1. Sticking with the crude label model, points 7 Å out along Cα→Cβ, report the distance from A:Arg2 to A:Val356 in nm, one decimal please.
2. Based only on other Cβ atoms within 10 Å, what is the fewest-to-most ordering of A:Ile352, A:Ile168?
3. May I ask you to order B:46-58, B:102-114 by the average number of other C-beta atoms within 10 Å around their residues, highest value first?
4. Excluding residues on the same chain fewer than 8 positions from A:Lys208, give the aspartates and glutamates whose Cα lies under 15 Å from its Cα.
5. Within a 10 angstrom radius of each residue's Cβ in A:114-122, how many Cβ atoms of other chains show up on average? Whole number is fine.
6. With the dipole of the protein assembly as shown worked out from charges on the C-beta (+1 for Lys and Arg, -1 for Asp and Glu) around the Cα centre, which of B:Gln143, A:Gly236, A:Gly326 lies farthest toward the positive end?
7. Once R0 is set to 22 Å, what does the formula 1/(1 + (r/R0)^6) return for the Cβ-Cβ distance between B:Leu74 and B:Arg24, expressed as a FRET efficiency to the nearest 0.05?
8. What number results when the radius of gyration of chain B, computed over Cα atoms, is divided by 2.2 N^0.38 Å?
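We did not get these values from a lab; they are worked out from the coordinates using the rules stated. As the structure is a prediction and not an experimental result, all values here were calculated from the model. Quick reminder, even Gly has a Cβ in these numbers, built from the backbone with ideal geometry, and neighbours come from all protein chains shown.
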Amino acid sequence: MRLSGISLNNLRRRKGKMVFLTLGLFIGVATVVTMFSITQAMKADTERKLDQYGANIVITPKSNDLALVYGDIAIPGVTYDVKELKQEDADAILTIKNKENIATVAPKLLGAADVEGKQVLLVGVNFPSEIRLKRWWDIQGREPEGPNDVLLGHLAAEKLRKSSGDSINIGETEYTVAGVLKEIGSQDDSLIYGDLRTVQRNLGKEGKLSLIEVSALCSTCPIEEIVSQITEKLPGAKVSALRQAVMAREQTIEQLGNFSLAVSVVVLLIGALIVLTTMMSSVNERTREIGIFRAIGFRKSHVMTIILFEALAVSSLGGLLGWIGGMLASSLIAPRLAQLTVGVQWDPLLGIAAIVLAIFVGMGSSVYPAVRASNLDPAEALRSI
Amino acid sequence: MALIEATGLTKQYNTNGVPVEALRNASLSIDAGEFIALMGPSGSGKSTLLSILGAMNPPTSGKLIVDTISVYDLTVEMRADFRHEYLGFVFQQLQLIPYLSAVENTMLPLAITRRSHKEQTDMAIWALERVGLADKAARLPDQLSGGEQGRVAIARAIVNEPPILLADEPTGSLDSRTGQEVMDLFKSLNEGGLTLIMVTHNPENAPFASRVVQIRDGCMIEGVGALR
């Protein structure tokens, strides 16, 4: 017989206590695993949604001349015709090391155009990319299909008195208003969006771009890394991460993480308390038994080994069951509650971490009862001898 | 030279701040192979003396030498090793571990040795054979009679062949017939060379001892028991 045999025999005898201890750790670990899994899935889901929500990288020509403002971004070269990006630059973005993180590349050419006697800012875009990038666009009419279809911003349509289906002359070319954007409250309201190639030809800037907006999925890499890789590919361009978008995403994820951590810590503390009180009561119940161990020559370390081995066995079981329970809960219930589109992943590493966590909590909470047990005076414990 | 040499043992407890002397200047010399019965009324100090002789209760003053070892000069952990090597205990109420079978209870002192499981089992079966209980090795304590539990407790005390066996009221919880069986077993072990020190208040047990030591009010009054 080994000391571990004494521990296991005791656990077998005290089934109720063992179930209670295991349950305490099971609930703690299952909660942590559920919170962690959901948070991870929510992180992935949030990142995906946030990344899809808009551009988080803007590429402009390297220049100190500020001629035009688009949103909060200064665009050089529109008025003074300094230098533009090229179509090849947009293609080069898809050749960076982290190209799989690039969700959308939306190149643009900006220029002032005479529209039926009025000066309006004309933006040449790749419509499929642009519409994918700007999920908030609500088009009244239809999406542009042909090279001569345009979209009008809400204010531009008002100013020009145009609606979807109307014809519009930009320069010497006639276009069709495919749709009008509902009021957004940004500069988009004042713009006319046309097909990139058509606008390039119209402005006499074939193959040239004013800026490129990029939507990067950054769940697996920091945005700074993507910015650095694009800068390397496009040495003549200025690549900027939109800190506001990045920070908003980071803040959301951080809040989720903090919430999950807080709940996990509270539940684990409760689990630890359950283990501590149960082990303490177990030690108190076994005072005489521990006295016998000490009387027949067990060292303090032997008594501690018996108590801690019990904690190890129960913690391992609680951790394993907690992982399975937590994963089942997060896989079956949480996606429905949280309406996640990203599934929860069964990660064996999380299982190992759950067991290690349970052992850490279980054994950590058992150290004090074990020390108390080992310090029992055998004569006091037995009293009768 | 005596196997056990106790000199001037005094034990004082503090009860609610009031010092109470449980044992007063007790000296005792026990040779190897002796069977000592410590007798006296309840509260006389005999159990205190036994716990001091059992290396579990440091005296307030005095010295205990066992086989040239000054027991209370050892550290707490070394005293645990000493108990393991030199002493076997039969406790009052027998104190078997309820979730361990007879053979597991018997091999309990071997659990902290490096002996293999087979070696431990062989030794435990040998000890159970000596007390005539090998056929009930697999039974749990609550599946054994009082006398059988007493014999398991004795098997546990002798399994690693200590030179000294200490017993505290070993027949206290047994009926007279099973008490008699246990005492016969003690006698037989003593005849095999085991030094036995037994606390009892039952005068019927005294004749089994080679020497009776009377204790009253913490003071030792030595006497001689009749051999049966």
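1. Each label point is offset 7 Å from its Cα along the Cβ direction, giving 2.3 nm.
2. Working: A:Ile352 13, A:Ile168 21.
Least to most surrounded, the residues fall as A:Ile352, A:Ile168.
3. Numbers: B:46-58: 24.8, B:102-114: 23.3.
Ranking the peptides B:46-58, B:102-114 by packing returns B:46-58, B:102-114.
4. Counting by Cα, and skipping residues close in sequence, A:Lys208 has these aspartates and glutamates nearby: A:Asp81, A:Glu84, A:Glu88, A:Asp89, A:Asp91, A:Asp195.
5. Working: counts 0, 0, 0, 0, 0, 0, 0, 0, 0.
Counting Cβ atoms of other protein chains within 10 Å of each residue's Cβ and averaging gives 0.
6. Highest projection toward the positive end goes to B:Gln143.
7. Values: r = 24 Å, r/R0 = 1.10.
Plugging the Cβ-Cβ distance into 1/(1 + (r/R0)^6) gives 0.35.
8. On the way: Rg = 17.3 Å, N = 228, 2.2 N^0.38 = 17.3 Å.
That ratio works out to 1.00.
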